[in-house]
1. Across the stretch 253-259, in residue order, what do the Karplus-derived ³J(HN,Hα) couplings come to in whole Hz, using 6.51 cos²θ - 1.76 cosθ + 1.60 with θ = phi - 60° and x for Gly and Pro?
2. Could you list Arg110, Arg43, Arg326 so that the one with the fewest beta carbons within 10 Å of its beta carbon is first and the one with the most is last?
3. Among Asp248, Asp278, Asp323, what is the fewest-to-most ranking by other Cβ atoms within 10 Å?
4. Efficiency by 1/(1 + (r/R0)^6): what FRET value for Thr30 and Leu78, r their Cβ-Cβ distance, R0 = 30 Å, to the nearest 0.05?
5. Pop the C-beta distance of Val210 and Glu39 into the FRET formula with R0 = 56 Å and round what comes out to the nearest 0.05.
6. ³J(HN,Hα) across the stretch 162-172 via Karplus (A = 6.51, B = -1.76, C = 1.60, θ = phi - 60°), whole Hz, x for Gly/Pro?
7. Taking the Cα atoms of the stretch 3-58, report the difference between the largest and smallest coordinate on each principal axis, in whole Å and largest first.
8. If you keep only loop residues by DSSP, which trypsin sites (Lys or Arg not before Pro) in the stretch 231-315 have at most 10 other Cβ atoms within 10 Å of their Cβ?
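Bear in mind that the values in this text are calculations on the coordinates, not laboratory data. Computed from a predicted structure; not experimentally measured. FYI the Cβ positions are ideal-geometry reconstructions off the backbone, even for glycines, and counts take in every protein chain you see.
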Amino acid sequence: MGTIERRGKGSWRVSVRVKTPEGSRVVRETVHVDPDLSEKRQRREAEAALNRLQAAVDAGEKGAELHYTVRAWSDFWLENEIRPNCSPVTYGNYRYLLDSRILPALGDERLENLTAVSLTAWMAALREEKKRTTRVPDDQLAHKRSPSQHLSGRAGGLSAKTLLNYYACMDAMLASAVRMRILPYNPMGGVPRPRARKKRAAFLTEEDAVQLLRCLTDEPNICYRAALLLALICGLRLGEVCALKLSDVDWEHSTIDISRALKYVPRQGAIIDAPKTDAAQRIITLPAAMIAVLRQVQAEADENKRLAPNIWQDEGWIVHGWDGRRLSHDTPSKWFRRFADKHGFEGLRFHDLRHHEVKQMTKFFYPANPAGALPSAFRKS
């Protein structure tokens with residue numbers, strides 16, 4: 001709310017408080033009116049000036065002289081624009097990009113001091129920074145990594161894809177400052193955009209898909225078999241598979257409800273959230289063989305619950321651990337890499353199963369489920 005003060009004969013000062021990331025600041029204007037007017041008429045003129053000032057502040061035309069640092073503006077942007085309007089994953093990714101490399105280098109710079117030249121130099125320095133990894137060195141592992149698990153690409157600096165992520169974060173944040181009239185233009189518009197080639201998705205032929213299914217018959221873990229089939233036959237993403245429960249299956253109509261996805265948020269961990277897009281929330285009709293596999297998953301869960309009621313976590317996940325708990329999305333992904341490498345599909349990722357060339361399988365090869373060994377926790381001594 002604004003205030004009006006009389007400063008002298010025919011002189012009035014109107015003030016409006018503006019919120020900033022650091023707190024707030026007052027924007028003032030001095031209004032000069034005809035001193036021969038009555039005080040009541042002068043106050044009306046001052047009130048009209050106050051209304052004009054408030055409208056200008058609301059439109060971003062006043063208060064633009066406020067000085068924001070990159071750090072202060074990033075906090076304001078994340079909390080007031082990104083968090084209310086984007087998914088927790090998007091918020092977490094932006095938070096990580098800012099905290100890891102943007103704010104340490106540019107956090108104390110004022111927005112108005114950023115130029116295309118200085119930001120181009122920052123991107124060039126970023127290109128030469130060393131990669132950060134939490135991977136355990138190969139010589140400290142009990143089991144050797146498979147060929148597809150080894151890091152690829154050039155050693156040393158950041159990849160083009162990573163650079164593009166930092167570029168996009170900075171560009172989006174400064175574009176917001178332009179929209180709110182904090183900056184007259186976005187200096188990232190003059191910075192060369194990193195060129196990152198999108199990896200071409202691997203495609204399976206119908207023969208490859210059938211061969212993969214034949215190899216799957218030797219896999220003793222029924223949960224992993226169900227996960228692979230849901231991706232290959234139904235086109236599900238790994239996060240969608242890991243968030244499925246047996247209660248999502250309509251056994252009578254042979255359908256499954258895809259309405260959740262397991263996602264990873266930096267510094268927060270795994271969360272259950274909505275699927276990637278609105279269109280990803282869907283009901284899928286399952287072939288009879290897929291229903292049969294899911295019934296095997298249910299039967300094994302019921303048997304494990306009967307054998308070890310004090311250990312079994314009856315949470316209802318289709319893909320679960322030895323005690324019924326939900327698995328991390330990395331666990332079936334790592335299993336599939338080992339499985340694919342073992343059977344001659346080196347480099348094939350779990351996500352690539354969605355992109356096979358089979359439009360409709362006329363023959364679904366899946367024999368009766370071989371009895372798998374129970375986890376050691378369930379075996380009788």
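1. 9, 6, 10, 9, 9, 9, 9
2. Fewest to most other Cβ atoms nearby, the residues stand as Arg110, Arg43, Arg326.
3. By the 10 Å Cβ count, ascending, the order reads Asp278, Asp323, Asp248.
4. 0.25
5. Rounded to the nearest 0.05, the efficiency is 0.05.
6. Ordered by residue, 3J(HN,Hα) equals 5, 4, 5, 5, 5, 4, 5, 5, 5, 5, 5 Hz.
7. 43, 19, 13
8. The qualifying sites are Arg267.
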